[in-house]
Amino acid sequence: MWGFGAVSLAGIGEAALHRADAQIANEAASMAMQNATSDDGPPPTPPPVLTNVQILQEDRDAVNLMNEVALTPRILPGGVKQFTLTASKFGWNFYRNVNLWAWGYNGQVPGPLIRVRVGDRVEIVVHNDLPEPTTIHWHGMAVPNDMDGVPGFPEPAIQPGGTFVYRFTVTSQMIGTHWYHSHYDDDYQVDAGLNGVIIVDPKTPSPSMRHVRDVLFVLGAGKQDGSDNENTFLINGKAYPDTPQLTVKRGTTVYMRIVNACAETFHAMTIDGYDVKIVAQDGQLQPDPQTVSVVSIAPSETVDVEFTADQTGTFPFYDTVASSLINPNDTVDPVGGMMTLIHVVP
């Protein structure tokens with residue numbers, strides 16, 4: 001059982017919620033994230049200090065993920081959709097002055113969104129540029145056993161410098177919001193950034209989704225300063241105040257996909273001033289959708305919720321677990337971590 005600390009954000013002023021200038025990231029000392037070396041090995045190499053251009057690209061990646069901008073496949077002969085993912089180590093700016101080492105796909109945390117339809121034949125080429133083996137597991141999707149990404153059952157892990165091609169056909173049982181992640185040393189590799197989202201659409205788009213704002217928020221975590229526990233909490237790879245913010249017009253129906261890509265931590269997400277209807281869990285439509293004020297989501301779960309933005313204003317979307325709303329070593333922001341803002345405009 002776990003305890004939730006109730007948090008109210010209604011009294012936070014505009015100034016306290018203002019995003020820091022990215023230049024701060026280059027003026028303050030970088031901080032190293034726990035890496036894969038042992039205690040007896042050499043000291044970790046500090047992550048690079050990122051340029052403003054790099055940080056702005058990270059911010060764009062976070063916004064694009066929120067807006068469900070997906071990786072473009074290469075179309076092979078016969079119509080096979082081929083996606084390429086390269087797992088590598090790189091510097092990432094999680095918030096303000098904290099540049100950390102990340103392990104991710106295609107230089108992003110989380111990895112790029114993959115979007116496919118029922119009937120698609122899919123080929124996903126994975127290159128391993130990491131210093132240790134890795135795999136990809138397609139969580140919640142019934143792919144062939146040798147494509148499931150569990151090392152040794154039956155396929156071995158992808159060795160450093162190696163490549164593996166995952167192949168499967170998308171079936172109707174796969175429709176919904178799912179995620180992909182490493183299944184090798186996954187407690188470390190998933191939190192280091194080796195995860196992403198895969199959305200499976202019906203063969204024929206649902207007419208009910210044509211006038212809906214479809215958005216994606218991936219809840220993530222990292223282990224900073226050698227911590228054994230998750231202590232850096234993220235939305236789409238960023239901690240507040242650098243998380244992507246959503247703006248919608250009043251009257252818009254919002255379909256929000258929430259993915260808990262944390263390896264260890266439960267979260268309880270809420271939108272101040274709004275209740276939401278739980279439409280699907282782990283890709284499965286709910287026969288009797290429930291309306292709730294707080295969405296409880298366990299590690300590895302996905303939850304799709306829906307609400308109509310019928311009130312104008314700015315509404316925090318955040319984890320009610322108080323420990324998820326603090327940025328380690330951040331002496332500037334009164335609130336950080338797993339929070340963003342939803343702006344409803346006339």
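The values are calculated or read from the model by the stated rules, or taken from the named source; none is laboratory data. Keep in mind that what you see is a predicted model, and the values were worked out from it rather than measured. Please note: Cβ atoms are built from the backbone with ideal geometry, for glycine as well, and neighbour counts cover all protein chains shown.
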**OP:** Please find, within the stretch 237-278, the residue that is farthest from residue 54 (Cα to Cα) out of those that are surrounded by 20 or more Cβ atoms within 10 Å (Cβ to Cβ) and basic (Lys, Arg).
**Re:** 257
Original post:
For the subset of the stretch 229-248 comprising residues that are outside any loop (DSSP other than H, G, I, E, B) and within 16 Å of residue 339 (Cα to Cα), which member is nearest to the chain's Cα centre (by Cα)?
Top reply: 235
Subject >> Breaking point among (1) under 18 Å from residue 119 (Cα atoms); (2) out of contact with any Phe, Trp or Tyr (no Cβ under 8 Å at 6 or more places or on another chain), for residue 73 >> reply: (2)
Original post:
If a residue has to be assigned to a strand (DSSP E or B) and among the β-branched types (Val, Ile, Thr) to count, how many in the stretch 332-346 make the cut?
Top reply: 4
**OP:** Select the strands (runs of 3 or more DSSP E) contained entirely in the stretch 279-331, then report the ones holding at least 3 residues which are in contact (Cβ under 8 Å) with a residue 40 or more places away in the chain and in contact with a helix residue (DSSP H, G or I) (Cβ under 9 Å, 6 or more places away or on another chain).
**Re:** 313-319
Original post:
Does residue 274 satisfy being more than 29 Å from residue 81 (Cβ to Cβ) and modelled with pLDDT of 95 or more?
Top reply: yes
**OP:** Go through the stretch 216-264 and count every residue that is under 15 Å from residue 191 (Cα atoms), at pLDDT 95 or above and of a type in the set (S, T, N, Q).
**Re:** 2
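Quick one: in the stretch 254-267, of everything that is in a strand (DSSP E or B) and in contact with a helix residue (DSSP H, G or I) (Cβ under 9 Å, 6 or more places away or on another chain), which residue is nearest to residue 321 (Cα to Cα)?
Our first condition is that a residue be in a strand (DSSP E or B); within the stretch 254-267, this holds for 254-260, 267.
In the following step, the residues that additionally are in contact with a helix residue (DSSP H, G or I) (Cβ under 9 Å, 6 or more places away or on another chain) were identified as 255, 267.
Numbers: 255: 23, 267: 7 Å.
Result: 267.
Which residue, of 251, 226, is within 24 Å of residue 315 (Cα to Cα), of a type in the set (Gly, Ala, Ser) and assigned to a loop (DSSP other than H, G, I, E, B)? Write out each step before concluding.
On the way: 226 fails: within 24 Å of residue 315 (Cα to Cα).
Exactly one of 251, 226 is within 24 Å of residue 315 (Cα to Cα), of a type in the set (Gly, Ala, Ser) and assigned to a loop (DSSP other than H, G, I, E, B), namely 251.
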